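Scroll down for the structure; my scribbles are underneath it.
The values are calculated or read from the model by the stated rules, or taken from the named source; none is laboratory data. In this text the structure is predicted, and so the values were computed from the model without any measurement. Neighbour counts run over all protein chains shown; Cβ positions are idealised from the backbone, glycine included. To get the accessible areas, we keep the full protein, side chains included, count just its heavy atoms, and leave off ligands, DNA and RNA. Shrake-Rupley method; radii C 1.70, N 1.55, O 1.52, S 1.80 Å.
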Amino acid sequence: MILKVARLGHPAIRVPSEAIPAAAVKSRDFQRFLDDMTDTMREYEGVGLAANQVHEGLKAAVIEVREDASATRKTPAVPLTFLVNPEIVERSEEMEDGWEGCLSVPGLRGLVPRHLSVRVKALSREGEALDFRAEGFYARIIQHECDHLGGKVYLDRMDGLRTLCFTDEFERYGAPKK
Ligand code: NI
């Protein structure tokens, strides 16, 4: 089922999410919710979605970079991944600027500095402990989604708003200079 996405200004976007009890991860309701998040992310052609973007204050995110999107962005594909109660436990010192958009801030994009690599602990949708490193665009998405779960959006991470622009103008006139 495709869920309604909250936009910036809806309080859900600014409220930090609550951890999900491990025992609840495999419940039918939560599993169905994860499927609905997946349907919603794919419907709106996102590469990630956090639960509070669909009005659930739970620490859960779904990420997927499909082959077609990865070719456009010249970045490796990421298989469908569920992160329950994710925590970034290590961050590289090295940062990298990259363009981000957000389904809760439709039509816009901006240049955002992110850690080049991160180490993440989370639960899988099966409730198993995950502990992995990610880098590049995948690390960027993880940071973007974990920010959502803490009530932050990418605009909060930008070095000023000079690069903020509409996607249509970006495609017409090219990337704005920093
Ligand atoms: Ni977003």
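So what is the accessible area of the stretch 1-69 per residue, in Å², with the probe set to 1.4 Å?
On the way: 3790 Å² over 69 residues.
Value returned for the stretch 1-69: 55 Å² of accessible area per residue.
The 1.4 Å probe gives accessible areas that order Glu94, Glu145, Glu87, largest first, as Glu94, Glu87, Glu145.
Treating the beta-carbon of each Lys and Arg as +1 and of each Asp and Glu as -1, no other charges, what is the dipole magnitude of the chain about its Cα centre, to the nearest 20 debye?
Numbers: 25 positive and 29 negative charges, 61 e Å.
Dipole of the chain, to the nearest 20 debye: 300 debye.
The charge dipole of the stretch 83-178, taken about the Cα centre with unit charges on the Cβ atoms of Lys, Arg (+1) and Asp, Glu (-1), comes to about 240 debye, rounded to the nearest 20.
Against the main long axis of the alpha-carbon atoms of the chain, helix 28-43 sits at an angle near 20°. Measuring only protein heavy atoms, the 1.4 Å probe finds Leu161 accessible over about 110 Å². Overall, the accessible surface of the chain at a probe of 1.4 angstrom is composed of carbon and sulfur to the extent of 50 percent. The listed residues Arg14, Arg114, once ranked by accessible area (1.4 Å probe) with the largest placed first, stand as Arg14, Arg114.
Take the Cα of Glu43, step 7 Å toward its Cβ, do the same at Lys152, and the gap between the two points is 2.9 nm.
Calculated mean residue ellipticity, 222 nm, the chain: -7500 deg cm²/dmol, from DSSP H runs (n ≥ 4) at -39500 (n - 2.57) each, averaged per residue and rounded to 500. Over the stretch 18-125, how many percent of alpha carbon pairs lie in each 10 Å bin up to the one with the longest distance? Calculated over all Cα pairs of the stretch 18-125, the distribution is 13, 41, 37, 9, 0 percent.
A dipole drawn for the chain from +1 and -1 charges on Cβ atoms has a positive end, and of Leu149, Phe137, Gly127 the residue lying farthest that way is Leu149. Once both axes come from the Cα atoms, what is the angle between helix 136-149 and the longest principal axis of the chain, in degrees from 0 to 90, rounded to 10? Taking Cα atoms only, the helix is inclined about 60 degrees. The amide H of Val65, built 1.01 Å from its N in the peptide plane, has Val78 as neighbours under 5 Å, considering only residues 5 or more places off or on other chains. I need the shape label for the stretch 58-101. Rule: rounded when a/c is under 1.5, else prolate if a/b > b/c, else oblate, with a, b, c from the alpha carbon gyration tensor. It comes out oblate by the Cα gyration axes.
Rounded, prolate or oblate, given the Cα gyration tensor of the stretch 4-75, with a/c below 1.5 counting as rounded? Provide the component values of the computation, followed by the final result.
Working: a/c = 2.21, a/b = 1.41, b/c = 1.56.
Oblate shape, in that a/c is at least 1.5 and b/c is the bigger or equal ratio.
The length gained on full extension between Met1 and Glu90, counted as 0.36 nm times the residue separation minus their Cα-Cα distance, comes to 28.6 nm. The residue list Asn52, Ala71, Gly9 was ranked by how far each Cα lies along the charge dipole of the chain toward its positive end, using unit charges on Cβ atoms, and Gly9 comes out on top.
Taking all protein chains together and a probe of 1.4 Å, list Asp147, Asp168, Asp39, Asp131 from the most accessible to the least accessible. Spell out each step's value before the answer.
Details: Asp147 20, Asp168 115, Asp39 65, Asp131 85 Å².
Largest to smallest exposure gives the sequence Asp168, Asp131, Asp39, Asp147.
Separation of the stretch 102-135 from the stretch 161-178 is 24 Å, based on Cα centroids.
Here the Debye sum runs over all C-alpha atoms of the stretch 92-178 as equal scatterers in vacuum, and log10 of I(q)/I(0) at q = 0.22, 0.23 Å⁻¹ comes out as -1.09, -1.15.
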